[in-house]
Amino acid sequence: MTHTQKSLGEQNYEQFAERYAAAVETKAHNAYYERPATLSLLPEVEGLQVLDAGCGPGIYTEWLLKRGAQVVACDVTPQMVEITRRRVGNLAEIHQADITQSLTFAVDAAFDIVLCSLVLDYINDWQPVFKEFFRVLRSGGTLIFSCGHPTGDYLYTQRKQLTPGNYFNVEKFVTEWSGFGEPYPVITSYRRPLQATLNPLFKVGFILDEILEPKPIPQFEEANPEDYNRLMREPGFLCVRACKLC
Ligand SMILES: C[S@@+](CC[C@H](N)C(=O)[O-])C[C@H]1O[C@@H](n2cnc3c(N)ncnc32)[C@H](O)[C@@H]1O
């Protein structure tokens, strides 16, 4: 990729990085839904080396540091890198890096855990990304990621008529997010079937350990009753834990 060609992730998040950072600490979809589920897949992290891949505003990075992990964080969007630096200072090693490329800042087997929350939805081909995560994990290390749920994303894109609509394809779709104030950011993502979500893991050597199709926690209901009722009936996110040679 040339330096004039921005990745999809950067195009999406440079529009509203500060607004995203301000909202997601307490936004129901993150605070009462995705984060509790993803965090429940993490082991005790004290003393562990963790890569926060696609760290965004650094909420997970800060959470990990507070629990005694040694954290390397990276994100493709310069504004997000800056916000994470502001949040944690020099307590973590922070890089501007695109996870679809080689992670040149990391030697082989550098990490016990790779955490990649809500990042892969902006990447078409996951296999090279998982291959690089596999390389930087030590033997016995763990990859934890969250993404749009294959069924939930399919239902969402059908409801909003965003794609021609074939569950079995990896499809790009564009939508506006209204939950972060105006101007509404225009977000381009990929949705994919279950086989395109899990098979790239197996192809590079990961073993599936656990998946979660989480439901929102009770505090969500007061914040957003309409979405709460829907998410208690149909999935929004998928959280996955996979191991390297466990
Ligand atoms: C929804 S935010 C999630 C941030 C954080 N992981 C969290 O859950 O709080 C998505 C982040 O992924 C980053 N991102 C998207 N594509 C990326 C890529 N190819 N490489 C690195 N970061 C990427 C974006 O810049 C953005 O900060």
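Look at (1) farther than 19 Å from N12 by Cα; (2) at pLDDT below 95 and you find that T163 fails only one, number (1). Across the range 56-102, the qualifying residues are those that are in a strand (DSSP E or B) and hydrophobic (A, V, I, L, M, F, W, C), and the one among them that is nearest to the ligand (Cβ to nearest atom) is C74.
Listed here are the residues, each with its yes/no results for (1) among the charged types (D, E, K, R); (2) closer than 19 Å to S7 by Cβ; (3) surrounded by 14 or more Cβ atoms within 10 Å (Cβ to Cβ).
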residue: T61; (1), (2), (3): no, no, yes
residue: K66; (1), (2), (3): yes, no, no
residue: A73; (1), (2), (3): no, yes, yes
residue: I94; (1), (2), (3): no, yes, yes
residue: D98; (1), (2), (3): yes, yes, yes
residue: Q101; (1), (2), (3): no, yes, no
residue: A106; (1), (2), (3): no, yes, yes
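Within the range 203-239, the set of residues being part of a helix (DSSP H, G or I) and among the aliphatic types (A, V, I, L, M) comprises V204, A223, L231.
Tally time: how many residues in the range 144-186 are part of a helix (DSSP H, G or I), in contact (Cβ under 8 Å) with a residue 60 or more places away in the chain and in contact with a Lys or Arg (Cβ under 7 Å, 6 or more places away or on another chain)? Of the residues in that region, 1 qualify. Taken over the range 111-131, residues that are closer than 24 Å to W63 by Cβ, assigned to a helix (DSSP H, G or I) and away from the ligand (no atom under 11 Å from the Cβ) amount to 1. Apart from one condition, L118 fits all of (1) surrounded by 15 or more Cβ atoms within 10 Å (Cβ to Cβ); (2) without any contact (Cβ under 8 Å) to a residue 60 or more places away in the chain; the exception is (2). Restricting E18, E34 to those that are more than 8 Å from the ligand (Cβ to nearest atom), touching a residue at least 40 places away in the same chain (Cβ under 8 Å) and part of a helix (DSSP H, G or I) reduces the list to E18. In the range 219-231, what count of residues is obtained for those that are surrounded by fewer than 19 Cβ atoms within 10 Å (Cβ to Cβ) and in contact (Cβ under 8 Å) with a residue 24 or more places away in the chain? Number satisfying all stated conditions: 4.
Test A106 against the criterion of being in contact (Cβ under 8 Å) with a residue 24 or more places away in the chain and either of a type outside the set (A, V, I, L, M, F, W, C) or within 23 Å of C243 (Cα to Cα) (or both), and give yes or no.
Spelling it out, A106 is indeed in contact (Cβ under 8 Å) with a residue 24 or more places away in the chain and either of a type outside the set (A, V, I, L, M, F, W, C) or within 23 Å of C243 (Cα to Cα) (or both).
When we screen T175, T151, T163 for residues that are among the β-branched types (V, I, T), touching a Leu at 6+ places or on another chain (Cβ under 7 Å), more than 30 Å from R138 (Cα to Cα) and surrounded by 15 or more Cβ atoms within 10 Å (Cβ to Cβ), the only hit is T175. For G141, the test of being surrounded by fewer than 14 Cβ atoms within 10 Å (Cβ to Cβ), of a type in the set (G, A, S) and either outside any helix (DSSP H, G or I) or more than 15 Å from the ligand (Cβ to nearest atom) (or both) is failed. Annotation: of all residues in the range 201-210 being surrounded by fewer than 16 Cβ atoms within 10 Å (Cβ to Cβ) and of a type outside the set (F, W, Y), the one that is farthest from G141 (Cα to Cα) is K203.
The values are calculated or read from the model by the stated rules, or taken from the named source; none is laboratory data. What you see is a predicted model; the values in this text were computed from it and never measured. Note that we place each Cβ from the backbone using ideal geometry, even for glycine, and neighbour counts take in every protein chain shown.
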